[in-house]
Amino acid sequence: MKRKTVLVTGGLGFIGSNLVLHLIKLNYFVIILDKKTYSSNLMNLKNIKRNQFKLIISDINNKLEISKIFKKYNPIGIFNLAAETHVDRSIDNPEIFVKSNVNGVLVLLEQLKKYKKRNHNIKLLHISTDEVYGDIPKRKTSLETDPYRPSSPYAASKASADHLIRSYYRTFKLPIIITNCCNNYGPKQFPEKLIPKLILNLIQNKKLPIYGKGINEREWIHVDDHCKALIKIFKKGKIGESYNIGSGDIVSNNIISKKLIELFKTKINKDCKSRIVFVKDRPGHDLRYALNSNKIKKLGWKKKLNLNKGLFLTMKWYLENTQWIQKINKKKYSNRLGLKL
């Protein structure tokens, strides 16, 4: 049987490369479009056979390249993960976030509008974030129908893209679904993000820097559970709808740090000289995110990995993949960002 083709933008990144693996296991042929930024990594495609994917180094803002891909490969689906994602970087340089996260989405939408005339079965799954909802009070969770209140330039750029997509669905009847996921963790995540940064610091016996007082709460999901949710929505989700993807594991940064220290001592059996230190907080730092994920559960999805097991597997991956760590640019994650005012 001929393999169906899908396009994954941002496929050399953390979530994108993990999604590519899941899609290939399901016998899809995957076109990977990635402009190869600092957080992209060719090693993320290690052990994948060349006849299972096609890598194209380009930007989603490249109209001609997007058009060529649609015409040549005739994909039945697009998973849009191409985005700038680090809040601290968006504080330092908001312009690149608008260019990638808003203008790039506009290019995709315009090309999809043209291409849909020759392929009525195509659909676009746009991967957004829980950060568009802004701060969520204790004992509350965000519904898909809740208003957006983004706090950072990053969250605002993702919210802008979501609004743009909804307008294209309503005005042009484009086959689009939006997903809003909580914080991801797992293998291959660039260590500017909290969990891989803490893991690498534990391995190197360095201090564990935590913003503010460490009371900020996030909902955490393992990247494999997120990828399975995306595929479930791609197959069963309703066009024009949004779906929250959450795990229910909502903990403070202090608790995450303590869990990692405990795992390092007990499961990895390593001496731990690292200690938590509190550093200057991020400007506009949201206190809490939390999602109501009942809607996706009705499609038959639920998380498989609890937080403790997921953190252990993640730590184990970083310990076993020192070559991956050595080949990434240390300067891109070792210096503190997001303090410009």
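The values are calculated or read from the model by the stated rules, or taken from the named source; none is laboratory data. Keep in mind that this is a model prediction, so the values were computed, not measured. Backbone-built Cβ (ideal geometry, glycine too); neighbour counts: all protein chains shown.
Here segment 310-341 is the region considered, the condition is being modelled with pLDDT of 80 or more and touching a strand residue (DSSP E or B) at 6+ places or on another chain (Cβ under 8 Å), and the residue that is surrounded by the most Cβ atoms within 10 Å (Cβ to Cβ) is LEU311. As a summary of the residue check, SER152 satisfies the conditions (1) out of contact with any strand residue (DSSP E or B) (no Cβ under 8 Å at 6 or more places or on another chain); (2) surrounded by 21 or more Cβ atoms within 10 Å (Cβ to Cβ); (3) within 21 Å of LEU313 (Cα to Cα) except for the one numbered (3).
Of the residues making up segment 137-145, one or more are touching a helix residue (DSSP H, G or I) at 6+ places or on another chain (Cβ under 7 Å) and either buried (at least 23 other Cβ atoms within 10 Å of the Cβ) or modelled with pLDDT under 95 (or both).
Evaluate the following for ILE91: is it surrounded by fewer than 24 Cβ atoms within 10 Å (Cβ to Cβ), touching a helix residue (DSSP H, G or I) at 6+ places or on another chain (Cβ under 9 Å), modelled with pLDDT under 95 and under 30 Å from VAL279 (Cα atoms)? In short, yes.
The condition of being out of contact with any Gly (no Cβ under 8 Å at 6 or more places or on another chain), touching a residue at least 60 places away in the same chain (Cβ under 8 Å) and in a loop (DSSP other than H, G, I, E, B) holds for only one of LYS138, LYS117, LYS158, LYS113, that being LYS138. Can we say GLY237 is surrounded by 14 or more Cβ atoms within 10 Å (Cβ to Cβ), farther than 17 Å from ILE210 by Cβ and either touching a residue at least 12 places away in the same chain (Cβ under 8 Å) or not aromatic (Phe, Trp, Tyr) (or both)? The answer is yes for GLY237.
Yes/no per residue for (1) in a loop (DSSP other than H, G, I, E, B); (2) surrounded by fewer than 16 Cβ atoms within 10 Å (Cβ to Cβ):
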position	(1), (2)
SER40	yes, no
LYS54	no, no
ILE66	no, no
LYS71	no, yes
PHE79	no, no
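Selection of segment 164-222 for residues being among the polar types (S, T, N, Q) and either surrounded by 18 or more Cβ atoms within 10 Å (Cβ to Cβ) or touching a strand residue (DSSP E or B) at 6+ places or on another chain (Cβ under 6 Å) (or both) yields THR179, ASN180, ASN183, ASN184, GLN189, ASN201, ASN216. When segment 201-215 is filtered for residues that are more than 9 Å from CYS272 (Cα to Cα) and among the polar types (S, T, N, Q), the ones remaining, listed by number, are ASN201, GLN204. Taking segment 120-135 as the search range and keeping residues that are within 22 Å of LYS232 (Cα to Cα) and in a loop (DSSP other than H, G, I, E, B), which one is modelled with the highest pLDDT? Once the filter is applied, the top-ranked residue is ILE122. Cβ separations smaller than 6 Å between residues 6+ apart or across chains give the following pairs from segment 307-325 residues that are in contact (Cβ under 8 Å) with a residue 40 or more places away in the chain and over 17 Å from ARG218 (Cα atoms) to residues that are of a type in the set (Gly, Ala, Ser) and not in a helix (DSSP H, G or I): THR314/GLY186.
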